[in-house]
Amino acid sequence: MEIRQVVLCKQLFSEAERYLARGTPMGHGLAVSIAQDAVELFLRAVMKERHAAGQKVPDEFIKAMDYIDAAADGIEQLKVPLRGKLLELNKARVNFKHYGLSPERLDAGRLVSYVSHFFDEATPQFFGTSFESISLADLLADAAIRDRLKAANEALTDENFTEAMGLSAEVVELASASVMTSLNPSGALRPPLMSTRLKATLGAEAVDDLYRYITGLVKESNRAALMLALPVDVKHASKFEVLAPPVWVFRGDASYQKQLMVPAGFHTAENARFCVSFATEVSLAVDARMTIPLPPLGKQSADELA
């Protein structure tokens, strides 16, 4: 089953939604174009599963739908759903790509919603699973982050919104920590240990308070810098910081503090979905920056750099 290809479709569709949220003519055009790419990739995954006898697998978007419908052999449930709406989407994509005509905001939103409805209907139809159940976590290289993100999605499905929000906080914390550790393997940006002289002057309790304050300030500054560096919505990052519970990281592990979570009234389906979505967005953005290994620096290269 080409389910991994469907995972990539979901990632593409999430990118389309992100561009749509920009609210600009370029964002509208890119949203429609990427959404169409997601549908086309999905159709190609279907064509690998279902073959039309005596026909060559086509390259064109419309002919791909024709091929799948032919492979259905008259069974209506095996034909491409929402075909008319997909044709409208494809036309808008051609207008943007070839003629620079961006759809209006409402039109772009409507077309992207068509794609959402298509995936909701076509994924169980062709692959026997719901589109919602497909997790982008499978694309992540880091096992700890991947497992937590999957668990967050499962908690969301089970309507355990408190757990979903807490696990989302752990995902973002671990993803952020992986970046900061790579940038500062020696811990150079960590606040220094307070000297014995300072403790003698201010008192141990006051120095401990100062150290905790500096540590928190450095952590918050690092997080803010990371969120600005990653391709994530700053408003979404701010909302997540309000909703997500505190997380402690110890020797590479992370756990959220249930007793310090926001009031129970905030533990809603909407907020939990937002937290899981944002954690997914951050973890994918970090993964894209972290999984390309650098070649070892040889002596000659080092000499050249010197």
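The values are calculated or read from the model by the stated rules, or taken from the named source; none is laboratory data. What you see is a predicted model; the values in this text were computed from it and never measured. Cβ sites come from the backbone with ideal geometry, for glycine too, and all protein chains shown count toward neighbours. All accessible areas refer to the heavy atoms of the entire protein, side chains included, with ligands and DNA or RNA removed. Shrake-Rupley method; radii C 1.70, N 1.55, O 1.52, S 1.80 Å.
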Of residues in region 159-193 being of a type in the set (V, I, T) and either on the phi > 0 side of the Ramachandran plot or open to solvent by less than 40 Å² (accessible area, probe 1.4 Å) (or both), the one modelled with the lowest pLDDT:
V179
Exactly one of A244, A237, A229 is within 16 Å of the chain's Cα centre (by Cα) and under 27 Å from F161 (Cα atoms), and that one is A237
Would a scan of region 100-111 turn up a residue that is in a helix (DSSP H, G or I) and more than 13 Å from V32 (Cα to Cα)?
no
Restricting the first residue to region 225-237 and requiring it to be more than 17 Å from V179 (Cα to Cα), which pairs with a second residue that is of a type in the set (D, E) meet a Cβ separation below 9 Å and a spacing of at least six or different chains?
D233/E281; H236/E281
Please find, among R93, R110, the residue that is surrounded by fewer than 21 Cβ atoms within 10 Å (Cβ to Cβ) and basic (K, R).
R110
Which residue pairs have Cβ atoms under 8 Å apart, sit 6 or more places apart or on different chains, and have a first residue in region 162-181 that is within 15 Å of A143 (Cβ to Cβ) and a second that is outside any helix (DSSP H, G or I) and of a type in the set (S, T, N, Q)?
E170/S255
If we keep just the residues of region 131-158 that are over 15 Å from L8 (Cα atoms) and of a type in the set (S, T, N, Q), which is most open to solvent (accessible area, probe 1.4 Å)?
T157
Taking region 74-125 on its own, how many of its residues are closer than 18 Å to E60 by Cβ, polar (S, T, N, Q) and over 26 Å from the mean Cα position of the chain (by Cα)?
1
Say whether the condition of being closer than 19 Å to V112 by Cβ and under 21 Å from the mean Cα position of the chain (by Cα) is met by at least one residue in region 60-72.
no
Residue list for region 1-26, restricted to those being of a type in the set (S, T, Y) and either at pLDDT below 90 or farther than 15 Å from E104 by Cα (or both):
S14
Mind checking whether some residue in region 93-107 is in contact (Cβ under 8 Å) with a residue 12 or more places away in the chain and within 23 Å of R4 (Cα to Cα)?
no
Mind checking which residues of region 202-218 are within 32 Å of the chain's Cα centre (by Cα) and open to solvent by less than 90 Å² (accessible area, probe 1.4 Å)?
I214, T215, G216, L217, V218
Would you confirm whether any residue within region 46-68 is open to solvent by less than 50 Å² (accessible area, probe 1.4 Å) and charged (D, E, K, R)?
no
Checked F278, F240, F266 against criteria (touching a His at 6+ places or on another chain (Cβ under 9 Å) and either modelled with pLDDT of 70 or more or more than 27 Å from A143 (Cα to Cα) (or both)); the one match is F278
Count - residues of region 9-36 that are out of contact with any helix residue (DSSP H, G or I) (no Cβ under 6 Å at 6 or more places or on another chain) and open to solvent by 50 Å² or more (accessible area, probe 1.4 Å)
7
